[in-house]
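A.B. asks: Have a look at this one before I ask anything.
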Amino acid sequence: MTIRSTDKACAHTPVPALPANGVIGLIAPAGPAALDAEKAVQWMQARGYALRIFPGVEQKDGYLAGSDEVRLNDLHAAFADSRIDAILCLRGGYGSPRILDRIDFELLRRNAKPFVGYSDLTALHLAISRYAGFVTFHGPMLNADLLGDKQQPTESSLLGMLRGELTSGSVLLHPPAYPLTTIVPGVARGRLLGGNLSLIAATLGTPYEIEADGVILFIEDINEPLYRIDRLLTHLRLAGVLSKLCGVLVGDVAGVDSQALAGLLKQTFEPLWIPVLAGWRSGHCDPNLTLPMGAMVRLDAGAQELVLEQDVVSRP
């Protein structure tokens, strides 16, 4: 069996595991949302964690959760504070790209810790991957996912990953109630990276665009009809991104007919001879599974299996 792999995709550094009785910092780098703070604190306490809510979470500046300065300061403060063991985002929306060119990535690298979010937070995943080099987590956010009572394994996937219950060699389990689709069979080994397709495309041509060499690309999206998904994938193809990949994992593409999407994916990726697996429940869906961005993984599209090839968190 041929395994697509390359030495260009180097593993990212694991982050410290979330300890028992740890403190989780809540920030809002993108859009605003009304938060029931008491409910949020109680939710965390019931799972053994304290919650610290940063100032921008309670602010609103139009479609942004506070000014750029407030949101940037919260991001820096959450990483710099040694009492914070992991960082969770409130919601997506829009706003993360506005602060990319002002982030102190050296501060983040020196204080690496679990960072969790998806959707608009894709911009931060890509930037941290490129300039700080540690594993981040494409996973559920507080308002819509965890407090929204999304079904399991949304919560258990997140906490299991952050606690270090999944180590190198672990198979990332996918709920059998949601069948996966093999678009192109094959096996690939590479660094898992990506997130929201619209955000991946939006960062092309900037210093924060995806470093695609040897990567297993993860993509998901919402509220984009099929022709726009086609346009976004074509943008990546014409920009030379797709030809650099080892494989592709497709998450939830909400609102698009699955058969039509499968046809587009086959048309796009089959000529590249890279393995492609679709239907992974991660993104704007229920359940919403956590994926380690920047980690080395092995994708077996034929066997419909995703395996960790490194520890994503470290213990003292």
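The values are calculated or read from the model by the stated rules, or taken from the named source; none is laboratory data. Since the structure is predicted, the reported quantities are computational estimates derived from the model, not experimental observations. Note that each Cβ is placed from the backbone with ideal geometry, even for glycine, and that neighbours are counted across all protein chains shown. Please note that ligands, DNA and RNA were not included when accessible areas were found on the heavy atoms of the full protein model with its side chains. Shrake-Rupley method; radii C 1.70, N 1.55, O 1.52, S 1.80 Å.
A.B. asks: Those residues that are buried (at least 21 other Cβ atoms within 10 Å of the Cβ) and not in a loop (DSSP other than H, G, I, E, B), I need them from the range 158-183; list them, please.
C.D. replies: L158, M161, L162, I183
A.B. asks: Just to be sure I understand, how many residues within the range 80-93 are out of contact with any Gly (no Cβ under 6 Å at 6 or more places or on another chain), within 28 Å of D221 (Cβ to Cβ) and either hydrophobic (A, V, I, L, M, F, W, C) or surrounded by fewer than 15 Cβ atoms within 10 Å (Cβ to Cβ) (or both)?
C.D. replies: 3
A.B. asks: Which condition does Q267 not pass, out of (1) polar (S, T, N, Q); (2) surrounded by fewer than 20 Cβ atoms within 10 Å (Cβ to Cβ); (3) not in a helix (DSSP H, G or I), if it passes all the others?
C.D. replies: For Q267, the exception is condition (3).
A.B. asks: What is the number of the single condition among (1) in contact (Cβ under 8 Å) with a residue 40 or more places away in the chain; (2) assigned to a loop (DSSP other than H, G, I, E, B) that G240 does not meet?
C.D. replies: So G240 meets the others, but not (1).
A.B. asks: Separate question: State whether one or more residues within the range 184-196 are open to solvent by 60 Å² or more (accessible area, probe 1.4 Å) and part of a strand (DSSP E or B).
C.D. replies: Checking the range 184-196: at least one residue is open to solvent by 60 Å² or more (accessible area, probe 1.4 Å) and part of a strand (DSSP E or B).
A.B. asks: Right, here's the next one. Can you name every residue in the range 280-316 that is within 21 Å of A212 (Cβ to Cβ) and part of a loop (DSSP other than H, G, I, E, B)?
C.D. replies: Answer for the range 280-316, where residues must be within 21 Å of A212 (Cβ to Cβ) and part of a loop (DSSP other than H, G, I, E, B): W280, S282, G283, G294, A295, A301, E309, Q310, V312.
A.B. asks: Something else about it: Check the range 3-10 and report whether any residue there is in the same structural domain as L124 (by the TED database), surrounded by fewer than 23 Cβ atoms within 10 Å (Cβ to Cβ) and touching a residue at least 24 places away in the same chain (Cβ under 8 Å).
C.D. replies: No; the residues of the range 3-10 include none that is in the same structural domain as L124 (by the TED database), surrounded by fewer than 23 Cβ atoms within 10 Å (Cβ to Cβ) and touching a residue at least 24 places away in the same chain (Cβ under 8 Å).
A.B. asks: Can you say whether R231 is over 22 Å from G190 (Cα atoms) and assigned to a helix (DSSP H, G or I), as far as the supplied structure shows?
C.D. replies: Answer is yes for this residue.
A.B. asks: Does Y49 meet the test of being surrounded by 18 or more Cβ atoms within 10 Å (Cβ to Cβ), farther than 30 Å from L299 by Cα and hydroxyl-bearing (S, T, Y)?
C.D. replies: It is true that Y49 is surrounded by 18 or more Cβ atoms within 10 Å (Cβ to Cβ), farther than 30 Å from L299 by Cα and hydroxyl-bearing (S, T, Y).
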